[in-house]
Amino acid sequence: MTSIARVAVLPVLLLLTALVPFAGNDFYIALGLSILLNAVLATAWGLFAGPTKYISLATAAFFGVGAYTVGLFYERVPMIALYPLAALIGAVLAVFVGLTTLRIQGMYFTIFTFGLAELIRQLMTWYQRSVTGSVGVYIITDITARQIYWSLTALLALTLFGGWLLARSRYGLALLMIGEDELAARHSGVRTTAVKVVVLALTSAIMAVTGAIVAPRWTYLDPNIAFNPTLSFMPAVIALLGGMQRFWGPLVGAVPLVFLFDQLNARFPTTYTFILGVLFMMIVFAIPDGILGLLPKLQQLRRAAPAPAAPPASLSAPLEPSTPVRGASPSVDGMSSPTRSPSPDGSVLLEVQGLRKAFGGIVAVDDLSFTIREGEVFGIIGPNGSGKTTVLNLISGVYEPDRGKILFLGRSLAHKAPEEIARAGIARTFQLVRIYPALTCLDHVVPAALFGGHVRSLGEARVYARELLEELGMGQFIHVPAGQLNFIDQKRLELARALALRPKLLLLDEWLAGLNPSEMLIGMELIESLRGRGTTIVLIEHLMQAVRRLCDRCIVMSFGQKIAEGTPEEVLAHPEVVRVYLGETDDA
Ligand code: ADP
Ligand code: MG
């Protein structure tokens, strides 16, 4: 379905939903309330978990905090002010959770968030017992079930609309990149922590408002109701069932599950949470992409022989440029600026002084110093394990040096995160290719262009990214998921992503490794063309043929130390280098 059709269907659906209370049947209202409540929570939950794959089990904490905002303050503060207050408290709590937990990944994040929700429930119980003397609070208002129903419908509409906007913004792309490969995202200039914390805070605020809206429905509120762990599991199960990354997923999941649990709860009130857990596992194993993820597979089955020629649609088709591609485009500087001959006598771009990095007992980089001038291609060679990649990781901010200084354009890079260094103009590729298999080539390059700071809008970034891919000979792959590219094209894509930052310094870690001889020639020509355009390049390379042809100067490393420095001819004739390489046969 096109996004236009979605936009048209949704208001109709919401309108029909809003009409349900006029049926005058309390059962329908109660059931509808339960569906809406779960749909809002699952949608908000999915906005964060869908793209990032961070599975949070803290929904109950945010919901409960919202409900308690009403429970504790409704007598003193007008209701209308309580919703924004709940949103604020939820967001602040989320920022705290985010800053403390988002560095932990995978299972640990999930366990931590679950523990947090339980902790808050216990704290609230303790607070009420010791401060107010009773465990619960009474909420006596004149808010009717219908009003709650309509408020939730409006909140659902807002949440869906917000999610739709988010997916089309630069933050939507950033979230996807975080889910696919967080470190690579940072090297593209994505401020991963900030993006995660902001989106977590926004979605948690929605959960808190949901709690505030629903609270008057329970005349009596206690921590076991407000912070019920089921509230944490349901959104996850619903979003998983419907399809995590899909717009309709949470809605599609909410309806059958709420009906199912309504029945289960009535028939098996004691074993009901157990059944929920089993269902959770079954969904993950049987339909990891959810109900909506099954649709494309069903369509494929129906077509007798799937046409192999058609390139698969982009995961994020809505991100295609809607404006003419070759419009008033920004100049693609990194690639098409007037040719400038390399000037190894240029000003100092990068200065490394007395650098040291040890991992336990292994000194990977030992008292290393060198200087790179603007416009040159600087080689770092040496046997495996001699510390080359570690040097690159130190420059690009993956590790902090134990000792020594790295100055870029005269300024220290100490304590700078990878994303800050990327934004300052140092781009890199990885020794082992790090691409996002599910994302299209265009989606790889757009964020780097955006976060490199030289384009102003998403539209401009798309134009720029498209031109860059075309110039690298990848025009036909713009909407192809990167996982389907062959090896050299994946390497080219990594290069495009790095170049999209419009870097002053490009770090290539064995970029030519693994290519066959003819691809190697294409690759070397590509690097030469970059150098011809004035990009300063650090080339970590094993292949002496490439070093001789491409590098102006190089250093040779052995056991973390520099053992030679000079032109390729000079260093390769150096007795120490000959000794180190004796027996190594990769010299071409
Ligand atoms: P090269 O790129 O020259 O092959 P590396 O920089 O990858 O070498 O590695 C240099 C040394 O540091 C090796 O002995 C390697 O095992 C060690 N090393 C690199 N990264 C780490 C790490 N994250 N933890 C522990 N040891 C590491
Ligand atoms: Mg290496």
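The values are calculated or read from the model by the stated rules, or taken from the named source; none is laboratory data. Treat the numbers as computed from the prediction; the structure is a model and nothing was measured. A quick note on method: Cβ atoms are made from the backbone with ideal geometry, for glycine too, and the neighbour counts reach across all protein chains shown.
Sub-8 Å Cβ pairs linking a first residue in the range 384-395 that is closer than 11 Å to ARG428 by Cβ to a second residue that is near ligand 2 (Cβ under 8 Å from one of its atoms), at least 6 apart or interchain, are THR389/GLN431; THR389/ASP509; THR389/ILE540; LEU392/ASP509; LEU392/ILE540, ordered by first then second residue. Restricting to the range 39-83, count the residues that are assigned to a helix (DSSP H, G or I) and free of Cβ contacts under 8 Å to residues at least 24 places away in the same chain. The number of residues fulfilling the criteria is 3. Taking the range 384-430 as the region of interest, how many residues are under 21 Å from the mean Cα position of the chain (by Cα) and within 16 Å of ligand 2 (Cβ to nearest atom)? Of the residues in that region, 7 qualify. Scanning the range 123-145 for residues that are farther than 20 Å from ALA30 by Cβ, in contact (Cβ under 8 Å) with a residue 40 or more places away in the chain and either touching a strand residue (DSSP E or B) at 6+ places or on another chain (Cβ under 6 Å) or not in a loop (DSSP other than H, G, I, E, B) (or both) gives MET124, THR125, GLN128, GLY136, VAL137, TYR138. Look at (1) crowded, with 23+ Cβ neighbours inside 10 Å; (2) more than 16 Å from ligand 2 (Cβ to nearest atom); (3) closer than 25 Å to PRO568 by Cα and you find that LEU507 fails only one, number (2). PHE378: aromatic (Phe, Trp, Tyr) and crowded, with 19+ Cβ neighbours inside 10 Å, yes or no? Considered against the rule, which asks whether it is aromatic (Phe, Trp, Tyr) and crowded, with 19+ Cβ neighbours inside 10 Å, PHE378 comes out as yes. A single entry from LEU156, LEU202 fulfils the requirement of being at pLDDT 90 or above, out of contact with any strand residue (DSSP E or B) (no Cβ under 7 Å at 6 or more places or on another chain) and surrounded by 23 or more Cβ atoms within 10 Å (Cβ to Cβ): LEU156.
Does the range 438-449 contain any residue that is farther than 25 Å from HIS479 by Cβ, away from ligand 1 (no atom under 16 Å from the Cβ) and not β-branched (Val, Ile, Thr)? No, that holds for no residue. ARG434 passes every criterion in (1) of a type in the set (D, E, K, R); (2) within 16 Å of the chain's Cα centre (by Cα); (3) more than 16 Å from ligand 2 (Cβ to nearest atom) apart from (3). Within the range 453-472, being at pLDDT below 90 and touching a Phe, Trp or Tyr at 6+ places or on another chain (Cβ under 9 Å) holds for HIS454, VAL455. Among the residues of the range 517-545, how many are within 16 Å of ligand 1 (Cβ to nearest atom) and either within 35 Å of the chain's Cα centre (by Cα) or buried (at least 20 other Cβ atoms within 10 Å of the Cβ) (or both)? Summing the residues that are within 16 Å of ligand 1 (Cβ to nearest atom) and either within 35 Å of the chain's Cα centre (by Cα) or buried (at least 20 other Cβ atoms within 10 Å of the Cβ) (or both) in the range 517-545 gives 6.
Which of the numbered conditions does VAL398 fail, given that it passes all the others? Conditions: (1) surrounded by fewer than 22 Cβ atoms within 10 Å (Cβ to Cβ); (2) farther than 18 Å from ALA498 by Cβ; (3) of a type in the set (A, V, I, L, M). VAL398 satisfies every listed condition except (2).
Listed here are the residues, each with its yes/no results for (1) more than 25 Å from the chain's Cα centre (by Cα); (2) within 20 Å of ARG121 (Cβ to Cβ); (3) assigned by TED's automatic domain parsing to the domain that holds VAL92.
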residue: THR210; (1), (2), (3): yes, yes, yes
residue: ALA236; (1), (2), (3): no, yes, no
residue: LEU241; (1), (2), (3): no, no, no
residue: PRO256; (1), (2), (3): yes, no, no
residue: ARG267; (1), (2), (3): yes, no, no
residue: PRO288; (1), (2), (3): no, no, no
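Report those strands (runs of 3 or more DSSP E) wholly inside the range 479-588 carrying at least 2 residues which are touching a Pro at 6+ places or on another chain (Cβ under 8 Å). The strands (runs of 3 or more DSSP E) meeting that bar are 553-558. Within the range 72-90, the presence of a residue that is modelled with pLDDT under 95 and buried (at least 24 other Cβ atoms within 10 Å of the Cβ) is excluded. Of the conditions (1) surrounded by 20 or more Cβ atoms within 10 Å (Cβ to Cβ); (2) away from ligand 2 (no atom under 16 Å from the Cβ); (3) among the hydrophobic types (A, V, I, L, M, F, W, C), VAL348 satisfies every one except a single condition; which number is it? For VAL348, the exception is condition (1).
Residue count for the range 376-410 satisfying the condition of being more than 12 Å from ligand 1 (Cβ to nearest atom) and assigned to a strand (DSSP E or B): 9. Restricted to the range 437-456, and to residues there that are closer than 19 Å to GLY172 by Cβ and more than 19 Å from the chain's Cα centre (by Cα), the residue that is farthest from ligand 2 (Cβ to nearest atom) is ARG456. Once the range 351-375 is narrowed to residues that are surrounded by fewer than 20 Cβ atoms within 10 Å (Cβ to Cβ) and near ligand 1 (Cβ under 10 Å from one of its atoms), the residue that is nearest to VAL556 (Cα to Cα) is VAL363. Taken as a whole, the range 458-477 holds no residue that is crowded, with 19+ Cβ neighbours inside 10 Å, within 16 Å of ligand 2 (Cβ to nearest atom) and under 23 Å from GLU420 (Cβ atoms).
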